[in-house]
Amino acid sequence: TLFDILCSFYGALFFFLSFSTAFPESFSLSPDSAIYPLFAWIPGKVVGWLSYFVFESSSLLIILFWAFVASITKPESAKKGYAMIVSCIQIGTISGPAIVTNFAPVIGSPILVGFGGLLVVSVPFIVRYYMRVIPQESIGDENSGKKKPKTGFFEGLKLIVTKPYVLGILVVSTVYEIIATVLEFQMNMIAKDVFPTRDLFAVFSGKYGMSVNAMALVFAMLGTSFFMRRFGLKFCLIVYPVTIALVLFGLLGVNSAGADNTQIMWS
């Protein structure tokens, strides 16, 4: 049911974005409008803010997917299957930007956004097909015969407060997201000057997405298990924020060395 609701909601938003990016002047407030003074202090355009909201909040679909997978997968199956799922996800995150890179200058960004909407609304049908093909008893909880204790709305918050391990993951991932958001914003602002048109900017974003996700795929397939076996979990958890800090100092060095906008952008 959640897949039906969220995918319909975000599918409709993607289709609306496709239309509004094709005709942005239809969604711009005129300076002569009576309500213009109320919104004049907000930078940018309504379509830009809506795009940001849709793309950032649609990560709820990814969270929902993992919750669905976790609820129907036994631990022994998860150990074998999660790595394959992540690899398939990375293939998707490479092929998506590749499509944008090659087709944005040809067919334009609005059609690509509409294509994204079609992919989103197809998800509930794929989930239904999956549930019909895979027998329920083979994916159910091995303790399904026992009565499960109820979990409250704040169960996740309770785990964060009571489990230092979970709290540590929260801190590391949250700090990383803040840093990544700031850096990505800076990169996009510079890229907007280097690539002034919308479709050229889309091509740059596509190349950036392909590069990052190709590297993530290689590391997921070859590096993650090796580092875990060789150095252990504690080392891997600690080296993650340390690496982020080194990257930040590296970017600061590039900027201090007098690099131009294009060099800073790619760095």
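The values are calculated or read from the model by the stated rules, or taken from the named source; none is laboratory data. It should be emphasised that the depicted structure is a prediction, and the values quoted were computed from it without experimental measurement. Reconstructed Cβ throughout: ideal geometry from the backbone, glycine too, with neighbour counts over all protein chains shown. Ligands, DNA and RNA are excluded from the accessible area calculation, which covers all protein heavy atoms including side chains. Shrake-Rupley method; radii C 1.70, N 1.55, O 1.52, S 1.80 Å.
Of note:
- Of all residues in the range 16-58, none satisfies the criterion of being of a type in the set (D, E, K, R) and open to solvent by less than 50 Å² (accessible area, probe 1.4 Å).
- Lys80 passes every criterion in (1) open to solvent by 80 Å² or more (accessible area, probe 1.4 Å); (2) under 18 Å from the mean Cα position of the chain (by Cα); (3) modelled with pLDDT under 85 apart from (2).
- In the range 121-139, the residues that are of a type outside the set (Ser, Thr, Tyr), under 19 Å from Leu2 (Cβ atoms) and either in a helix (DSSP H, G or I) or at pLDDT below 70 (or both): Val121, Val123, Pro124, Phe125, Ile126, Val127, Arg128, Met131, Arg132, Gln136, Ile139
- Residues in the range 201-223 include at least one that is farther than 30 Å from Ile111 by Cα and not hydrophobic (A, V, I, L, M, F, W, C).
- At least 3 residues being in contact (Cβ under 8 Å) with a residue 60 or more places away in the chain is the threshold, and among the helices (runs of 4 or more DSSP H) wholly inside the range 192-267 those reaching it are 198-218, 233-256, 261-266.
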